[in-house]
1. Chymotrypsin sites (Phe, Trp or Tyr not before Pro) within segment 8-74: which are DSSP loop residues with at most 14 other Cβ atoms inside 10 Å?
2. What full-extension length gain, to one decimal in nm, is calculated for Met56 and His11 as 0.36 nm per residue of separation minus the Cα-Cα distance?
3. For segment 1-97, what number results from the quotient of the Cα radius of gyration and 2.2 N^0.38 Å?
4. As an exercise, find the ratio Rg/Rh for segment 24-158 from alpha-carbon atoms, using the Kirkwood inverse-distance average for Rh.
5. What size of dipole, in debye to the nearest 20, comes out for segment 95-174 about its Cα centre when the only charges are +1 on Lys and Arg C-beta atoms and -1 on Asp and Glu C-beta atoms?
6. Would you mind giving the average projected area, over all directions, of the Cα convex hull of segment 88-138 in nm² with one decimal?
7. Hey, can you grab everything whose amide H is under 5 Å from the amide H of Tyr65? Only 5+ residues off in sequence or another chain; H modelled, so Pro and N-termini drop out.
8. Convert each backbone phi in segment 143-156 into a coupling constant with the Karplus relation 6.51 cos²θ - 1.76 cosθ + 1.60 (shift: θ = phi - 60°), then list the ³J(HN,Hα) values in order as whole Hz, x for Gly and Pro.
Amino acid sequence: PVALLPLKDLHQTSVVWVERPEIAATYLSMHVDEQTYWLKKKIGDILGEFKLISPMESYKLSLNYSKEAGKGKALLVGDAFHAIHPIAGQGYNLGLRDVAALISLLRDYQECGLELDSPFLLKAYAKARVLDNMAMVRSTDVLDALFRSQVPVLPIARRAGLSVLQRLPSVKRR
């Protein structure tokens with residue numbers, strides 16, 4: 001799979017291109033013109049004409065999720081709490097929701113006159129984030145498995161599913 005993630009400069013995008021390590025090594029050894037050619041072949045005309053402005057890099061992808069939301073007076077947010085597959089580009093958003101939940105809890109505790117270093121805050125934060133975090137962890141893991149699968153019928157099913165998603169803007173936004 002390839003994920004195109006928007007950047008602040010609307011004329012630039014971050015590309016996450018997932019390949020098996022031996023294939024990734026081949027692309028990394030290529031000249032930038034060859035890399036551009038193969039990336040264009042992979043994504044089609046969705047970006048129009050483009051050029052690579054930084055060198056390709058390789059990172060091992062792995063799912064990491066802490067079983068605890070923190071310990072003592074330390075709380076985990078974002079990638080310290082959960083590192084998910086970039087297939088859906090949702091890791092950053094998930095981290096922002098962690099921060100929003102924490103800010104909301106801190107406000108509530110402060111308004112009620114409760115101590116901000118209360119052990120109950122950690123439990124409340126863990127409870128507030130578990131469903132959203134686990135749903136995203138599982139869904140990105142399933143998407144990754146679907147895209148990596150070599151079962152012959154899956155590419156047809158993926159294309160059909162993505163085509164339906166394109167026609168349902170409200171579902172697509174979610």
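The values are calculated or read from the model by the stated rules, or taken from the named source; none is laboratory data. Quick caveat, the model's predicted, so the values are computed rather than measured. Here Cβ is always computed from backbone atoms with ideal geometry, including for glycine, and neighbour counts include all displayed protein chains. Quick note on the areas: whole protein, heavy atoms, side chains included, nothing else; ligands and nucleic acids left out. Shrake-Rupley method; radii C 1.70, N 1.55, O 1.52, S 1.80 Å.
1. Numbers: sites: Trp17, Tyr27, Tyr37, Trp38, Phe50, Tyr59, Tyr65; in loops: Phe50, Tyr59.
When the chymotrypsin sites (Phe, Trp or Tyr not before Pro) of segment 8-74 are filtered for loop state and at most 14 Cβ neighbours within 10 Å, Tyr59 remain.
2. Numbers: separation 45, 0.36 × 45 = 16.20 nm, distance 1.83 nm.
Gain on stretching Met56 to His11: 14.4 nm.
3. Details: Rg = 16.4 Å, N = 97, 2.2 N^0.38 = 12.5 Å.
So the Cα radius of gyration is 1.31 times the expected 2.2 N^0.38 Å.
4. On the way: Rg = 20.4 Å, Rh = 18.1 Å.
Radius of gyration relative to Kirkwood radius: 1.12.
5. Working: 13 positive and 8 negative charges, 148 e Å.
I would put it at about 700 debye.
6. Details: hull surface 14.0 nm².
Average projection, Cα convex hull of segment 88-138: 3.5 nm².
7. Distant-sequence amide H within range of Tyr65: Ala83.
8. 4, 4, 4, 5, 6, 7, 4, 9, 5, x, 7, 4, x, 5
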